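Peer 1: Just dropping this structure here.
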Amino acid sequence: MMIKKQCFFPPSLWRASSLLILMSLFFPLTLFGQGLPGEGDEILCVGAVQYSLSPEIYLSSEKFINTINQILDNLEEQALTKESPYPLDLVVFPEYTSALFGLGHLSVQAREELFSLNQPLFQNDDVIRAINLGSIQTQKIWERIALEREYPILAGSTLTIDSAGRIRNQALLFHPQKGLIWTQDKSFPGAPETRILNLAVASPEQATPFTIDDKRIVLTICRDTYNTIWESIFPPAFLWIDIKANELPKDLAKYPEALSARLSHSPIPYGLTVSLIGKLANFHFQGPLEFISPEETLQFGDFYSTNDGSLDTWSLIVQIPKTNSLQ
């Protein structure tokens, strides 16, 4: 397990006199939304994880669960040891966090062939079967974790097989008592998703918000966020979440065109970008944790991870006063 040794702290962050930042295991950080929370304020407390992808973790359900539990233990401790402590209302993981459980349903040779990407995966019946079994496993694992943790968890996204036998990239929200309560499919796939997965997509109009503590939250998946259509489709909401699995630095210059650009043309006051990092086959995923408020945009984490297969994870606690928005 590696510990990150650098982080960017904007000068404006230090001006918040009551803002306490502690750096410990997984480097948790804490931010407040516009207006510092005070006594009597209602707070939406969100944990965000810049999850580091390591394919080996998905070969064992218990190993994955133990990894996630380490992250959640740390987030909970950080949330409750603040000068203004609040329990977690929601934890968010990035795109593709839950997409690789199918690996455990393939032989070693099949996994090696898969990672070589010599043929499109959607043409491989063994891969389709593995994805289907993996998606069933995904739901069981996260239902167990959410039940034990007693708060909702947005488990990033997974790959699922629809009724037509096509692959979809689907975001998942788990409730501690009700299990899987909300899903949303990606609408605008990247070129690799089209070439390798022949990804089936949903129309943007099919996207629906979800609610946490009476606050409406909307979500877009990675490349979807660059499209302006969401500005006219989404209803007024409290928070816009963007979960990502980007290949940086080639996409770094495009970040201002993503969530910050959408919020500037939207009544939604707050935004949260949660990115995947790590290596898979010949893909190198990188990107930040980003919190956007009406006052400023703050970015944390490591844009340029050189993940060597060990667990490198940044996490962020965001306490947002609900009184600042009617949504």
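Values quoted throughout were computed directly from the atomic coordinates according to the rules given, and no laboratory measurement underlies them. All values derive from a computational prediction rather than experimental measurement.
Peer 1: Quote the Stokes-Einstein diffusion coefficient, in whole µm² s⁻¹, for segment 31-322, based on the Kirkwood radius over alpha carbon pairs, a temperature of 25 °C and a viscosity of 0.890 mPa s.
Peer 2: The calculation lands on 128 µm²/s.
Peer 1: According to the square roots a ≥ b ≥ c of the eigenvalues of the Cα gyration tensor, what is the shape class of segment 181-306, taking rounded for a/c under 1.5, prolate for a/b larger than b/c otherwise, and oblate for the remainder?
Peer 2: oblate
Peer 1: Report the gain in length on full extension from Asn227 to Asp213: 0.36 nm times residue separation, minus Cα-Cα distance, nm rounded to one decimal.
Peer 2: So the chain would gain 2.2 nm between Asn227 and Asp213.
Peer 1: Shifting gears a bit: In Å and whole numbers, how far do the C-alpha atoms of segment 79-214 stretch along each principal axis, longest first?
Peer 2: 53, 36, 26
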